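Single-structure report; data block below.
The values are calculated or read from the model by the stated rules, or taken from the named source; none is laboratory data. Bear in mind that the values here come from a model prediction, so they are computed numbers and not experimental data. Virtual Cβ from ideal backbone geometry, glycine too; neighbours counted across all protein chains shown. Just so you know, the surface numbers come from the protein's heavy atoms only, side chains and all, with ligands and any DNA or RNA stripped out. Shrake-Rupley method; radii C 1.70, N 1.55, O 1.52, S 1.80 Å.
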Amino acid sequence: MEEKGKENSIAAMAACYQKFDPAAYLQYNYTPPRADFTRKDSIVPWKLACLHRAFTEGDVSGELLVDIGSGPTFYQVMSGCEVFNKLILTDFLEINRQELRRWLQDEGGCSLDWTPYLEHVCKLEGRRSSAWPEKATRLRQVVSDILPVDVHCSQPVAPDSLPSTGADCLVSCFCLESVSPDLPAFTRALGHIGKLLRPGGHLMLIGALGESYYFGGPGVRIPVVPLNEAQVCESLRETGYTLIRLEVYTLPQDMRVGVDDVTGVFFAKFCGLGSCG
Ligand SMILES: C[S@@+](CC[C@H](N)C(=O)[O-])C[C@H]1O[C@@H](n2cnc3c(N)ncnc32)[C@H](O)[C@@H]1O
């Protein structure tokens, strides 16, 4: 009976996602004011700075980086693509995987121009912003696959699509809390993705704080598990991850643009089971 209830609430979340609109989602979250590169307090530059630091402080290495629930976005792998030679993107929806393929194949028709993002990350790396085409080429070169994923399955990606040793590093941004019906499902999903990580690998998690819904398109209201920092840390501890660093961003009033009720964002860097390295 309890099992049936869990399945129903997960199925209800999946049903919400059938109306997800990648172009609208990108417009809501990845254009100014949320992606204003002239402002240090804009949300996207904050996320990019956290990712840049996490990938360049020397403790993260290996061959394979996997991004869980990529959606239609690339910002989350623009630093990691310089450290890893192989990158796998994943999403639940074919419409998002298509959006990713469009940019990777460089054939036009993308819903967002990622150039200002590439320029910004080049600057974080100490390069000139004009080096952005090299970063775009690097990113296109290292992506080896775009896979379907379901974090509610104990095996979130198809068997044999990842090496049996697991990924060296996982990234996941705004996915688990916005696809889970409640906190226990969020914690279980963390456990499921953890199985994709090699012992001692790293997990970079970015997520919403205090959010109860967001719009995935016009009129597409998607429920979110409202989290606080303590709950994030406790869920990760329960699942066996060791916290390396947690950073929190509070949304300035003018970033609250009516597309969700998020109040803050967390960035967390963790080490998986086994000793880090
Ligand atoms: C809020 S978006 C996050 C997208 C992107 N990572 C970002 O940072 O903007 C949530 C993503 O989770 C995906 N998703 C929905 N259900 C999922 C599931 N059961 N397992 C994994 N991902 C799922 C959606 O398709 C969507 O792309």
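Can you tell me the equivalent ellipsoid semi-axes for the chain? Use √(5λ) from the Cα gyration tensor, largest first, whole Å.
Details: eigenvalues 128, 102, 74 Å².
Working through the eigenvalues yields semi-axes of 25, 23, 19 Å.
Quick one: among PRO163, PRO199, PRO32, which has the greatest mean-square fluctuation in a GNM of the chain with alpha-carbon springs under 10 angstrom?
Sorting by GNM fluctuation, first place goes to PRO163.
May I ask you to compute the full-extension gain from ARG53 to GLU234, defined as 0.36 nm times their residue separation minus their alpha-carbon distance, rounded to one decimal in nm?
On the way: separation 181, 0.36 × 181 = 65.16 nm, distance 2.38 nm.
Full extension from ARG53 to GLU234 adds 62.8 nm.
Please list LYS195, LYS47, LYS6 in order of solvent-accessible area, largest first, computed with a 1.4 Å probe with all protein chains present.
Largest accessible area first, the residues go LYS195, LYS6, LYS47.
Find the eigenvalues of the gyration tensor of the Cα atoms of the range 41-123, then list the square roots of 5 times those eigenvalues as equivalent ellipsoid semi-axes, largest first, in whole angstrom.
On the way: eigenvalues 91, 54, 27 Å².
Working from the Cα gyration tensor, I get semi-axes of 21, 16, 12 Å.
Quote the accessible area belonging to SER164 in square angstrom, nearest 10, computed with a 1.4 Å probe and with ligands, DNA and RNA left uncounted.
Around 130 Å² of this residue is reachable by solvent.
So for the pair ASN85, SER111, with labels modelled 7 Å out along Cα→Cβ, what separation do we get in nm?
Here the modelled spin labels are 3.4 nm apart.
Out of residues 5 or more away from GLY200 or on other chains, whose amide H comes under 5 Å of its own, with H placed 1.01 Å from N in the peptide plane?
GLY272, LEU273, GLY274
Can you give me the accessible area per residue for the chain, using a 1.4 Å probe, in Å²?
Values: 11670 Å² over 277 residues.
Heavy-atom accessible area per residue stands at 42 Å².
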